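Notes to accompany the following structure.
All of the numbers you see were taken from the coordinates with simple rules; none came from a lab. Note that the coordinates shown come from a computational prediction; the quantities given were computed from them, not determined experimentally. Cβ sites come from the backbone with ideal geometry, for glycine too, and all protein chains shown count toward neighbours.
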Amino acid sequence: MKNTILTAFVILGLISCQNKDKKDEQSIIKTIAEDTLSKTAAGTADVSDAPPKEDKAVEVIRKQLNVLLKKDLPAMTKDDRFFYYDAFDLNNDKKTEYFVGFSNRYFCGSGGCSGYILNHDGSVINSFTVTDFPISVTTSITEKFYDLIFETEGKFHLLKMKNGKYPSNPSVQEKVKGDVSKESTKVLDIEGKKLEKYSF
């Protein structure tokens, strides 16, 4: 009988130690999670070692840029070979188009920067020059595509689709009077959205 009571106490002791270890482990995990959430919310989390987001769109754009800029690549430095992108369905076909922009000395000058609008498969809809970002997508439609508002040297210009293309030089297009409508959607808001940059 003494052996049975002694065995019962040993088993109870082991069980209580195991439960304590589980509680300690759960408490540690909870503390780490709360710390991470608070740092993320406050913007103080260190994400410098986090790998950049890679997705199918990045690969499609990267491949197309290497084709479009093939002749330019030898003259470009490593710092010149970065792009930003934003996706938007410009013609309501349930397939996103890609706005591709740059913000370095190779693609930007005193009048603004260059970029591209690509179909979901990477084919070129348009190239554009002398543009400041962001670009605004309006709610009005021409030839089944949303009209765009580009900013150039502090002035807004309306770009409408014509024969399957948007004009490539926004600075010579119709000026928009007043501010951009609040109903418009901003794309390629490189500074405001803190868009990621990708190499090509």
(message) Explain nothing, just compute: Karplus ³J(HN,Hα) = 6.51 cos²θ - 1.76 cosθ + 1.60, θ = phi - 60°, for every residue of segment 185-196 in order, whole Hz, x for Gly and Pro.
(response) 9, 7, 10, 6, 7, 4, 7, x, 8, 6, 4, 6
(request) Pick out, in residue order, every one of the GluC sites (Glu not before Pro) in segment 126-158 that is DSSP loop and has at most 15 other C-beta atoms within 10 Å; say none if there are none. (result) GLU143, GLU153
(message) Quick check on packing: order 176-183, 127-134, 60-67 by the mean number of other C-beta atoms within 10 Å, highest mean leading.
(response) 127-134, 60-67, 176-183
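Pairs LYS155/LYS177; LYS94/LYS144; LYS162/LYS186; LYS63/LYS193; LYS160/LYS197; LYS155/LYS175: which are spaced more than 18 Å apart, C-alpha to C-alpha?
Values: LYS155/LYS177 9 Å; LYS94/LYS144 13 Å; LYS162/LYS186 22 Å; LYS63/LYS193 24 Å; LYS160/LYS197 28 Å; LYS155/LYS175 7 Å.
Among LYS155/LYS177; LYS94/LYS144; LYS162/LYS186; LYS63/LYS193; LYS160/LYS197; LYS155/LYS175, the Cα-Cα distance tops 18 Å for LYS162/LYS186; LYS63/LYS193; LYS160/LYS197.
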(request) Name the long-range amide H neighbours of SER184: under 5 Å, sequence gap of 5 or more, or other chain; modelled H, no Pro or chain starts. (result) none
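Using a cut-off of 15 Å between beta-carbons, work out the net charge of the residues near ILE141 (Lys and Arg +1, Asp and Glu -1, ILE141 not included). Walk me through the numbers on the way to the answer.
Details: positive: LYS144, LYS160, LYS162; negative: ASP89, ASP93, GLU97, GLU143, ASP147, GLU183.
Residues near ILE141 contribute -3 overall.
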